[in-house]
Amino acid sequence: MAPAEVVTWAVRSGGQLPLTSMASAENEVCAVRSVACPSQTWRPQKVQCGLSGAGQVPFTNMAAGVEGRGGVWMGSRADGPRTSGHVTGKMAVFPWHSRNRNYKAEFASCRLEAVPLEFGDYHPLKPITVTESKTKKVNRKGSTSSTSSSSSSSMVDPLSSVLDGTDPLSMFAATADPVALAAATDSSRRKRDRDDNSVVGSDFEPWANKRGEILARYTTTEKLSINLFMGSEKGKAGTATLAMSEKVRTRLEELDDFEEGSQKELLNLTQQDYVNRIEELNQSLKDAWASDQKVKALKIVIQCSKLLSDTSVIQFYPSKFVLITDILDTFGKLVYERIFSMCVDNRSVLPDHFSPENANDTAKETCLNWFFKIASIRELIPRFYVEASILKCNKFLSKTGISECLPRLTCMIRGIGDPLVSVYARAYLCRALLTEMMERCKKLGNNALLLNSVMSAFRAEFIATRSMDFIGMIKECDESGFPKHLLFRSLGLNLALADPPESDRLQILNEAWKVITKLKNPQCLMQVWFLFPVNTVLADVIKHMTPDRAFEDSYPQLQLIIKKVIAHFHDFSVLFSVEKFLPFLDMFQKESVRVEVCKCIMDAFIKHQQEPTKDPVILNALLHVCKTMHDSVNALTLEDEKRMLSYLINGFIKMVSFGRDFEQQLSFYVESRSMFCNLEPVLVQLIHACVAYCFITIPSLAGIFTRLNLYLHSGQVALANQCLSQADAFFKAAISLIPEVPKMINIDGKMRPSESFLLEFLCNFFSTLLIVPDHPEHGVLFLVRELLNVIQDYTWEDNSDEKIRIYTCVLHLLSAMSQETYLYHIDKVDSNDSLYGGDSKFLAENNKLCETVMAQILEHLKTLAKDEALKRQSSLGLSFFNSILAHGDLRNNKLNQLSVNLWHLAQRHGCADTRTMVKTLEYIKQQSKQPDMTHLTELALRLPLQTRT
């Protein structure tokens, strides 16, 4: 197989198999195309074995046999001599000779014969057409509830005889013109909306915009629960001509329904299901109000308010708050509109700024009734939220009603134990009474902290428009509670993002400068307020240079402005927050000039950015700058220019860190990979960053086999991208971790032995070690030797054969390493077949390792010559025979004799499976017919089949 063609990984049970072959040579392999990378950390030179010279380590002379002690895999160790693997007696030495393999021919012989297919009417993979017959389901009509409803309607209500007509309020409402009443109500509603907007201004960010952002940002995949109010539906079918006795009866039944606690708890809801249920409740509230079911509407609002006390899914709580407060806002508007409609008649309409004296007694009495109903709610959280939703109705009762209720509601919040719930309760109170809160902020003697929170949370346009008002409030603040220069800093950050009125700019700057000049260390404040004039200057330059593309004749002057700005601002988060900075860069439309400006910005960033950053403002701006530099590369770009651009982009990549937010870090690398694909040094930097990130992250994981497999997979990825030193580091880390594998591990809550899992991992590891090139400073097969040392030291179970199975896999690996051309390769990575070129001394060292491994296997077979272990001896003997048959050169007399002895050992004591032995012998006879395998004919004659008798 050509080196650049494929990388073959053997697959078993979702993982990778060792390079093992059973009696048949039909090795099942899965070809995986190699991943090529244009860079390579280091490439070992051709090594001539046995030659002394710089950078070469002489091979360790391995023991040819085992006599009186266990095999030692390396010549010397820092931890002293080994004591494991003691053997008694002497054993004959069997030299190892690997069979020369022609992998291409073996693949061709194993390939299935192509048979032409004839497509007829039937094919096993042809889709099956299923005809579905639909049956109509007939539901039973009538229910207990409907029967009781009809029976209750036939019952005589003693109150019906008293209220057999309409009440006086209904008679009064009937005399009014409904058209004129509706028109007056709509006109009043539009005026109130205009008044609300005039208070905060048209530039104030509407709640609808903020609402959508919150719902999109705070999501969850966890299951949610909700308590639904299952109110009676009997009142919905009322008509306008319904008798008063029927209305009274319906309301009494509704109240009885509530007293029975008709609620339903829905569990395991997805986020979308939860949102749909809340929207259904909102619609139910409107329907109940429209059908004159005020009690039901109030109960729905109370039940929804109770949901705000549940913080079990904390990441979804902001979205839940938005959904529930929508219902509260709807309820508050409905109550306000109802009370307001009582003050409107054909003769008069309430003025825009009405006083309590303008409201009639009916409206006041209804308003008080609502507050009394809410005050009777037992639970604190629903009582607070429902009262806050209708707080503006106090305007019908008293001029100072709202200001009097505000401190009381604030004190109520202190009774909420959950800090998250209490914070959101305060947020709702501020949103419901924004104007009143701002007026209270002005009247307080020490309002600096609250004022700073307002300037930090509100939109920059809102603050900039009222900058003189805020300066006036800042002047009146007490210096002891919160320093004034921090307030001016918050104000300056807003003015850097939005321009204040032109007539106020000079006065604003003068007021700020008075504070700046009094500070001992005004650097931080100067950087912020320097942005205010800088932003103004840049905006003015853009305004004058954009018409007729005048900027094309002034590129040197514009470049000088950019350099001056960059020289004064080393905080790039502040610099890129200047509103007109990026639009100013857009004026550099000549590619060569634009690239020079971007290089100037990146050079300043690399020099002055001291700490790693994850600021989205910096990342977005510099990604745009680096993308501009990258896109300027073409076929005519000089190598020096490419090297400079790569240096600047790599400097930016190195300064980006998301801490332990692994997903964000990986997302950044993926985005950078797609943006900077034409610069090879940048790709190398990204690969090194990902590999290094894996190396420092894997040790933090708890599962021992999770770490082992991740070390192996990361090493394979590093190897596929020619990061050879990083691959060696991963493989060494995996080897050093093997001694920590416990005897028992937890699998799905049950303790199980770990040896089978360790065997599977090591087999996968051996498959990878075949193509790992030797390091020029660490000697021949240094990774294999270190791994064998660890396997030898590991404490195995007394009645376990896993260690011998591992040695058998090592024998397969060493046999594959002795081939002239390996079974598979990685593109642009020279494996040992290319480095050593079949050198005889390398093969001799390889064979010595094989002989030592064979000695360990045979010694273990010798220890199994006991009655209770004969079956294990037979199984291991046959497995070792198959390994020699697949990988050994049986033309060697000693190896041939060893295979015959193993055949007899497998059948001794009648423990072998006769069918398996017959199949194996048939395979040997079949293989002997091949031209280069004729020596197997003689071997087959020496392998008799024995019966159990």
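The values are calculated or read from the model by the stated rules, or taken from the named source; none is laboratory data. It should be emphasised that the depicted structure is a prediction, and the values quoted were computed from it without experimental measurement. Neighbour counts run over all protein chains shown; Cβ positions are idealised from the backbone, glycine included. These accessible areas exclude ligands, DNA and RNA; they are computed on the full protein's heavy atoms, side chains included. Shrake-Rupley method; radii C 1.70, N 1.55, O 1.52, S 1.80 Å.
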> Residues that are within 28 Å of Cys690 (Cβ to Cβ): which helices (runs of 4 or more DSSP H) entirely in region 730-819 hold 1 or more of them?
Replying inline: 755-769, 782-793
> For region 866-899, what are the residues that are open to solvent by 10 Å² or more (accessible area, probe 1.4 Å) and more than 56 Å from the chain's Cα centre (by Cα)?
Replying inline: Lys866, Asp867, Arg891, Asn892, Asn893, Lys894, Asn896, Gln897
> How many residues, within region 870-902, are under 20 Å from Asn847 (Cβ atoms), part of a helix (DSSP H, G or I) and among the basic types (Lys, Arg)?
Replying inline: 1
> Checking Ile561 against (1) modelled with pLDDT under 85; (2) open to solvent by 70 Å² or more (accessible area, probe 1.4 Å), which test does it fail?
Replying inline: (2)
>> For region 615-651: of the residues being β-branched (Val, Ile, Thr) and outside any helix (DSSP H, G or I), which is surrounded by the most Cβ atoms within 10 Å (Cβ to Cβ)?
In response: Val633
> Out of region 571-592, which residues are outside any helix (DSSP H, G or I), aliphatic (A, V, I, L, M) and either open to solvent by 10 Å² or more (accessible area, probe 1.4 Å) or closer than 19 Å to Asp548 by Cα (or both)?
Replying inline: Met587
> Which condition number in (1) more than 20 Å from Ile806 (Cβ to Cβ); (2) open to solvent by less than 50 Å² (accessible area, probe 1.4 Å); (3) in a helix (DSSP H, G or I) is the one that Glu851 fails?
Replying inline: (1)
> So how many residues does region 894-914 have that are among the basic types (Lys, Arg) and closer than 15 Å to Gln873 by Cα?
Replying inline: 1
> Among the numbered criteria (1) in contact (Cβ under 8 Å) with a residue 40 or more places away in the chain; (2) more than 20 Å from Ser831 (Cα to Cα); (3) open to solvent by 10 Å² or more (accessible area, probe 1.4 Å), which single criterion is violated by Leu708?
Replying inline: (3)
> So, of the residues in region 268-281 that are open to solvent by 30 Å² or more (accessible area, probe 1.4 Å) and in a helix (DSSP H, G or I), which turns out to be nearest to Pro318 (Cα to Cα)?
Replying inline: Gln271
> Taking region 814-828 as the region of interest, how many residues are under 19 Å from Gln726 (Cβ atoms) and open to solvent by 10 Å² or more (accessible area, probe 1.4 Å)?
Replying inline: 2
>> Given the criterion assigned to a helix (DSSP H, G or I), open to solvent by less than 40 Å² (accessible area, probe 1.4 Å), in the same structural domain as Leu679 (by the TED database) and charged (D, E, K, R), identify the matching residue among Lys607, Lys599.
In response: Lys599
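Table: residues versus (1) of a type in the set (Gly, Ala, Ser); (2) over 21 Å from Leu719 (Cβ atoms); (3) open to solvent by 10 Å² or more (accessible area, probe 1.4 Å).
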position	(1), (2), (3)
Val772	no, no, no
Glu777	no, no, yes
Asn789	no, yes, no
Glu797	no, yes, yes
Ile806	no, yes, no
